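The values are calculated or read from the model by the stated rules, or taken from the named source; none is laboratory data. The structure displayed is predicted, hence computed values, not measured ones. Cβ coordinates were reconstructed from backbone atoms using ideal geometry, including for glycine residues, and neighbour counts include every protein chain displayed. The accessibility values were calculated without ligands, DNA or RNA, using every heavy atom of the protein model including side chains. Shrake-Rupley method; radii C 1.70, N 1.55, O 1.52, S 1.80 Å.
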2 protein chains.
Amino acid sequence: MTQITLISSNKSFGGYQKIYSHQSKELSCEMKFAIYLPPQYSSETKLPVIYWLSGLTCDENNFIQKAGAQKYAAEYGIIVVCPDTSPRNVNLPGENDAYDFGSGAGFYVDAITDPWRKHYKMFSYVTVELVEVINVNFSPQPGNQSIFGHSMGGHGALICALRNPGMYKSVSAFAPISNPTKCPWGEKAFTGYLGDNQELWNEWDATELVAAYKGPALEIFIDQGSDDQFLKQNQLLPQNLVDACSKAGISYIYKEREQYDHSYFFIASFVSEHFAYHAKHLIN
Amino acid sequence: MTQITLISSNKSFGGYQKIYSHQSKELSCEMKFAIYLPPQYSSETKLPVIYWLSGLTCDENNFIQKAGAQKYAAEYGIIVVCPDTSPRNVNLPGENDAYDFGSGAGFYVDAITDPWRKHYKMFSYVTVELVEVINVNFSPQPGNQSIFGHSMGGHGALICALRNPGMYKSVSAFAPISNPTKCPWGEKAFTGYLGDNQELWNEWDATELVAAYKGPALEIFIDQGSDDQFLKQNQLLPQNLVDACSKAGISYIYKEREQYDHSYFFIASFVSEHFAYHAKHLIN
């Protein structure tokens with residue numbers, strides 16, 4: 001199930017920004033993903049990969065159109081993979097009714113409730129199936145990969161790294177939903193995808209996972225705008241994550257960016273720092 | 001008529017990306033424009049301005065979201081103004097029927113045909129009214145301005161500079177519709193806005209205007225992707241413009257970018273070169 005179909009290809013900063021579709025076994029639907037192949041990419045060269053996970057309402061296009069990341073991917077010679085944020089067109093009742101649940105809002109968990117568990121397994125998709133699709137079709141450096149994301153996807157990146165110790169060389173997040181079991185967005189999504197047993201929720205919450213982390217040394221890089229509207233609404237709760245890191249002895253970098261908000265204008269302003277950070281871990 | 005209303009403001013690369021609305025006297029409708037105020041901007045500092053004109057189907061958002069230009073505007077300390085591409089919601093019959101005529105397709109001309117002439121005066125709007133709105137509200141360096149654009153807006157930038165000798169310090173264009181009187185897009189737009197008298201069309205065609213140009217020394221910088229789908233469809237005809245420049249003794253820079261297309265991925269890849277070019281003319 002690793003066959004892919006090219007949807008579009010645009011030359012960008014000397015490389016190519018491409019979008020592909022494929023039939024996902026994990027999600028039982030057709031999925032799209034974007035991949036930037038930097039100018040250093042060739043059939044003979046093996047390059048590192050960074051996975052980007054987008055936030056609520058997004059798909060595979062937002063980051064590649066708005067973040068300005070191709071410039072840095074080209075400079076460092078890094079492949080960047082951007083999956084969609086949920087299964088699409090799977091005909092579940094209510095899948096398109098809300099911006100924060102269902103389509104565009106998969107939360108990067110593996111659902112266990114009906115009817116969502118038939119399709120909504122974004123965690124397994126992002127950490128297993130998509131990695132295999134990328135490895136088979138683009139032959140990157142085996143295992144030399146990092147992950148980052150924004151908001152729901154920032155949290156997604158954190159749980160991918162925390163639940164798979166050693167799988168990613170580095171992890172960073174822009175304005176992540178840091179403690180979803182304690183905020184309205186997370187409570188709604190986890191109730192819907194995981195059910196009412198809040199014990200199970202903790203297995204998918206970065207702040208809880210940090211407290212329980214037993215793996216190789218890990219550092220977490222969090223970037224947060226001080227004027228983020230969702231920070232003010234207590235949807236993001238980065239302080240809870242930072243406190244959990246301190247308590248668990250997990251090192252972190254927390255950068256508060258004065259007057260920046262939750263938008264891609266914030267991401268674009270600092271994406272170069274995230275590439276520099278990941279490149280330090282991926283490129284010797 | 002220079003009062004403006006703030007629609008949005010996002011911190012970006014140390015400055016602010018803002019969108020305003022205002023009531024346009026020239027167009028008899030409410031218009032929006034985007035303005036990037038770099039970190040150097042203050043009530044005491046006067047900065048140069050670059051105007052950006054977008055292409056067919058675009059509005060004031062495309063460039064500010066997709067070009068990655070704020071980084072360079074911040075580095076050089078330049079204000080960037082992006083108007084919409086046409087009047088909006090003026091209730092003319094058929095105004096929303098086509099992507100290449102009416103809404104989103106003002107072509108930066110002053111229409112003389114009914115009913116379009118009541119509203120479709122984008123040339124006067126961009127070169128007179130909007131400049132006054134910017135000068136009154138943001139106090140840039142008087143007269144220290146340049147202009148560039150993409151496709152329909154690339155041609156718009158060229159005619160703004162060619163019809164107003166000395167008004168802009170420099171002009172550049174990504175994939176401009178270089179000779180609209182000789183291509184399907186231009187023929188449709190000029191017939192609609194200017195009527196059937198093709199003599200009048202020449203006054204709004206950059207290639208014709210170059211041939212007739214009598215003003216201070218001017219250089220034209222054209223950037224063109226070799227795999228541009230509209231180049232292949234003979235909508236852009238840059239060779240006609242370049243030939244006219246050669247014949248008229250107007251200097252030009254023509255950069256063909258191998259395998260790039262007509263998209264914002266092309267623009268983002270080379271926007272830094274355009275900022276360097278304009279900064280050379282705007283900043284001593």
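Listed by chain and number, the aspartates and glutamates whose C-alpha is less than 20 Å from the C-alpha of B:Lys169, apart from same-chain residues fewer than 8 away, are B:Glu75, B:Glu129, B:Glu132, B:Glu219, B:Asp223, B:Glu273.
Once you order the gyration tensor axes a ≥ b ≥ c over the Cα atoms, which shape class does region A:136-273 get: rounded for a/c under 1.5, otherwise prolate or oblate by comparing a/b with b/c? Rounded. Averaging over all projection directions, the Cα-based convex hull of region A:5-282 occupies 13.2 nm² in the image plane.
A DSSP coil position with no more than 12 other Cβ atoms inside 10 Å describes the following trypsin sites (Lys or Arg not before Pro) in region A:178-225: A:Lys214.
Among A:154-163, B:263-272, the peptide with the highest mean count of other Cβ atoms within 10 Å heads the list, and the full ranking is A:154-163, B:263-272. For the protein assembly as shown, the dipole from Cβ point charges (+1 on Lys and Arg, -1 on Asp and Glu) about the Cα centre works out to 880 debye, to the nearest 20. Position A:Ser139: other-copy label points at 6.2 nm, ordered by increasing distance, label point 7 Å along Cα→C-beta. Distance between the 7 Å Cα→Cβ label points at B:Tyr254 and B:Val128: 3.4 nm. Using a cutoff of 8 angstrom between alpha carbon atoms and counting only pairs six or more residues apart, the relative contact order for chain A works out to 17 percent. Taking a ≥ b ≥ c as the square roots of the eigenvalues of the Cα gyration tensor, region B:1-95 is prolate, since a/c reaches 1.5 or more and a/b is larger than b/c.
Taking R0 as 56 Å, what's the FRET efficiency between B:Ala276 and A:Ser28 from their Cβ-Cβ distance, rounded to 0.05? Before the final figure, lay out each step's value.
On the way: r = 50 Å, r/R0 = 0.90.
For B:Ala276 and A:Ser28, the calculated efficiency is 0.65.
Label-to-label distances for A:Pro115 across copies, nearest first, come out at 4.6 nm, using points 7 Å from Cα in the beta-carbon direction.
Legend: mean number of C-beta atoms from other chains within 10 angstrom of residue C-beta atoms, peptide A:61-72, equals 3. Leaving out ligands, DNA and RNA, and with a 1.4 Å probe, what % of the accessible surface on region B:5-282 is carbon or sulfur? Solvent-exposed carbon and sulfur of region B:5-282 make up 47 percent of the total. Electrostatic bookkeeping for A:Leu162 treats Lys and Arg as +1 and Asp and Glu as -1; over the other residues with beta carbon under 13 Å from its beta carbon, the sum is -2. With its label point defined 7 Å out from Cα along the Cα-to-Cβ axis, A:Glu219 lies at 4.5 nm from the matching points of the other copies, in increasing order. How large is the translational diffusion coefficient of the protein assembly as shown in µm² per second when you combine the Kirkwood radius over alpha carbon pairs with Stokes-Einstein at 4 °C and 1.567 mPa s? Stokes-Einstein gives a translational diffusion coefficient of 51 µm²/s. The alpha-carbon of A:Lys188 sits under 13 angstrom from the alpha-carbons of these aspartates and glutamates, leaving out residues fewer than 8 places away in its chain: A:Asp100, A:Asp196. Scanning chain B for the beta carbon that comes closest to the axis linking it by rotation to A yields B:Gly68, 2, distance in whole angstrom.
Checking every one of the chymotrypsin sites (Phe, Trp or Tyr not before Pro) in region B:1-107 against DSSP loop status and a limit of 16 other Cβ atoms within 10 Å picks out B:Tyr99.
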